[in-house]
Amino acid sequence: MSSAHYLAVQRAIAANPRAGPKPLTIEEYRARQPGQAKRNIKDDNQLTQIPQTRTPKRRGGTSAKLRRERAALLEKVNADPPPTWAEASVLWIKIDALEQQQKQKQKAGAQRRKQQQQRSQAIAAAAEQKQ
C-alpha cells in the first residue's frame, strides 16, 4: 500500500468514525443465527412450533467410501487395454468383498432403524398407559 493511499484511508476514517456496518439489534442478531429461519414466531413473540433440539448426524461416510473404492476398481477392470487375467481376478475379488460390506452395512442400518422404531412405539404405549 502506498503512503498516499494509506493517508487517504486514514483521512476517510477520521472524517467518518462510524464507517462500516451498522450495529445490530438483538432481534436482528438472533434472526441471522443458523437455524433461526426455521422457527415459526407469532406476532405476540410466541413459538408456534417447538424447534428441533438436535440435528441427526449423517452416517454415510463409510458407505460413500466403499462406493468410491468400488467405482475405482471397476474403472481399472474396464480399462482399455484390459488388465491381465490374474490382475482382473484379484480386482473382482476385491469388488465382491466391497459389495458384501455394503450389503452388511445396509442390513445393519435396517436393523438399527427397526429397533429404534420398536423403542419409540414402546415409549408411546407406556405413555398412553400412564394416561
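The values are calculated or read from the model by the stated rules, or taken from the named source; none is laboratory data. Computed from a predicted model, the values in this text were never measured in an experiment. Cβ placement follows ideal geometry from the backbone for every residue including glycine, while neighbour counts extend to all protein chains displayed. When the accessible area is computed, the model is the full protein with side chains, heavy atoms only, and any ligands, DNA or RNA have been set aside. Shrake-Rupley method; radii C 1.70, N 1.55, O 1.52, S 1.80 Å.
Between Arg32 and Ala72, what is the label-to-label distance in nm when each label sits 7 Å out along the Cα-to-Cβ direction?
The answer from the label model is 4.2 nm.
Return the sequence-ordered ³J(HN,Hα) values of the range 104-121 in whole Hz as given by the Karplus equation 6.51 cos²θ - 1.76 cosθ + 1.60 applied to θ = phi - 60°, using x for Gly and Pro.
Rounded to whole hertz, the list is 5, 5, 5, 5, 5, x, 5, 5, 5, 5, 5, 5, 5, 5, 5, 5, 5, 5.
In what order, largest first, do Ser3, Ser120, Ser63 sit by accessible area if the probe radius is 1.4 Å?
Ser3, Ser120, Ser63
With equal scatterers on the alpha carbons only and no solvent term, can you work out the Debye log10 of I(q)/I(0) for the range 67-131 at 0.14 1/Å?
Here log10 of I(q) over I(0) equals -0.58.
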